[in-house]
Amino acid sequence: MPQPMPRLQVSPELLQATMDASTDMIQVFEAIRDEAGRIVDFRWVLNNHTSESKYGEVRGESLLERNPGVVQEGIFDTFCRVTETGVAEQDERYYAHEQFDGWFFQTVVKLGDGIATTTRDITEWKRSQAEIVRLREEVVQIKLAETEGQLAAIFATAPVGLSVITSDGCFVRVNEELCRILGRPREDVLALNVAEVTHPDYLAPSLKAIANAAETGMPSSLDKRYCRPDGTEVWASSIISLLPDSGGHGNRFLVVTTDLTERRRADQELRKSEALQRVLIAELQHRTSNLMGIVRSIADHSTRTSRDLPEFRAHFDDRLAALSRVQAMLSRLGEHDRVAFDDLIRTELMAMDGGADRVTLEGPAGVRLRSSTVHTLAMALHELATNAVKYGALRQSGGHLAIRWSLRPGGTEGKPWLHIDWRESGVDMAPAGTWPGRGQGRELIERALPYQLGARTTYELGAEGVHCTIAIPVSSTLDVEESLGADAV
């Protein structure tokens, strides 16, 4: 049976870095509702550097207080509609604000009880399009021109592709910009016709546009692909106009051609970027929810096992510090990197200051952990180390802690599993009934790891101390044979 694709795992820091790398403005808002449940405002909760450069620092601020004009512009209604219906919307509009004005293209998607927006500044593109339209209108007026000199001057200076073709598609005159678009020298273009430079899929529409211009006397337009001699293709928009002769008839056409290749490529990149942003935002929701669950569990257990507020704070701060160490390790990773087990266990033992001379670490280096398992496994190791420092091998002078791990094939498909053996020795065990009871570490190992990570675990209080084993699946990007042959730590 095919296995489901693994979820993309992205840390909040990596998500923020990815958002900050975008030249688009990315913002996340939460809905503010009144007692009746109606949306009355939105509040910024997340934005990237591009957004900050235009709006300034806005996190936590009210949308309506910051920019009441969004009501008149219809933006507030769009945000409410997307939040309530979950249907994404796209809009192109002109903004006139104190900080900036221009044309922007915005995508709004639902995110929890709020929305996320991606906004692209298209002001320069709008201006260039307006200039192209103006130039087109000027060029089309050449059919009213009575002299060859005027036509030649326009061909020499126009920033768009210009050509004159016959009714059967042969090129009579071309300018340098059209030659650049077609990727051919002038003499080659003049020796060809429209059919020989047009992609086969667009030949019929091209011939039909020429026929329509001839029959109606009105300009025809179409977007099409041209084939270059090197095998590449370019997208262009063409307007075909009939050139009348002195008798009011004509058998020649003026073609105004605008290169659309970069715009098409930019549109494709924008769609890819928007899709990736939606995935990253969904992943941020998932990772944040998991992290909050761990923090809540830490708080609940610290409350149950603390006699007063100072003791609760000590327990909670200690466990939160362990969680912060893991989060710091994740935030330093690249897109395809993973936390290695030996780095994780070494970081935790260094933080505990448990006496390196009484600890043995033995196992292959670089065993890559799944990002989804790191937080829970790290908390279990932290609790084991804390007990060892307070009661066990790292407290008593004769104690010793040996942590050994190996990588073996496991499961039905032989995917790699990490096997961890935590063994304390030389511990003068307290009499039965005085050793700490079922703490958070033991609950994590015996319940949370099997339930959340599919792990196999054991936990025993032996004659000389704690003996614990943990087996969990790890990142399949690490070859099992390679790891088995790797140098031990």
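Assuming R0 = 35 Å, what is the FRET efficiency of Val133 and His49, from their Cβ-Cβ distance, to the nearest 0.05?
Details: r = 34 Å, r/R0 = 0.97.
E(calc), rounded to 0.05, equals 0.55.
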Problem set entry | lysines whose Cα lies under 20 Å from that of Lys272, excluding same-chain neighbours fewer than 8 positions away | Lys110
Seminar exercise, completed: Quick calc: nm separation of the 7 Å Cα→Cβ label points for Gln327 and Thr85 -> 3.7
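First select every other residue whose beta carbon is under 10 angstrom from the beta carbon of Glu92; then total the charges, Lys and Arg +1, Asp and Glu -1. Intermediate results must be reported in sequence, preceding the final value.
Details: positive: Arg93, Arg120, Lys126; negative: Asp91.
Combined, the nearby Lys, Arg, Asp and Glu give +2.
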Exercise. What accessible surface, in Å², does a 1.4 Å probe find on Asp188, ignoring ligands, DNA and RNA and rounding to the nearest 10?
Worked result: 70
Problem set entry | Net charge over other residues, Cβ less than 14 angstrom from the Cβ of Pro205 (K, R count +1; D, E count -1) | +1
Problem set entry | Stretch gain in nm, segment Arg447-Arg66, where the contour uses 0.36 nm per residue and the Cα spacing is subtracted | 132.3 nm
For this session: Quote the relative contact order of segment 27-92 in percent (integer), defining contacts as alpha-carbon pairs under 8 Å separated by 6+ residues.
Result: 23
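Determine, from the Cβ-Cβ distance of Arg264 and Ala36 and an R0 of 35 Å, the FRET efficiency 1/(1 + (r/R0)^6), rounded to the nearest 0.05. Mind showing how you got there, number by number?
On the way: r = 47 Å, r/R0 = 1.35.
So, using R0 = 35 Å, E works out to roughly 0.15.
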Exercise. Taking the Cβ-Cβ separation of Thr303 and Ile122 as r and a Förster radius of 56 Å, what is the calculated FRET efficiency to the nearest 0.05?
Worked result: 0.60
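The values are calculated or read from the model by the stated rules, or taken from the named source; none is laboratory data. Predicted model only: the values in this text are computed from it and were never measured. So basically every Cβ, Gly included, is an ideal-geometry build from the backbone, and we count neighbours across all protein chains shown. Accessible surface is based on the protein model in full, side chains and every heavy atom, while ligands, DNA and RNA are left aside. Shrake-Rupley method; radii C 1.70, N 1.55, O 1.52, S 1.80 Å.
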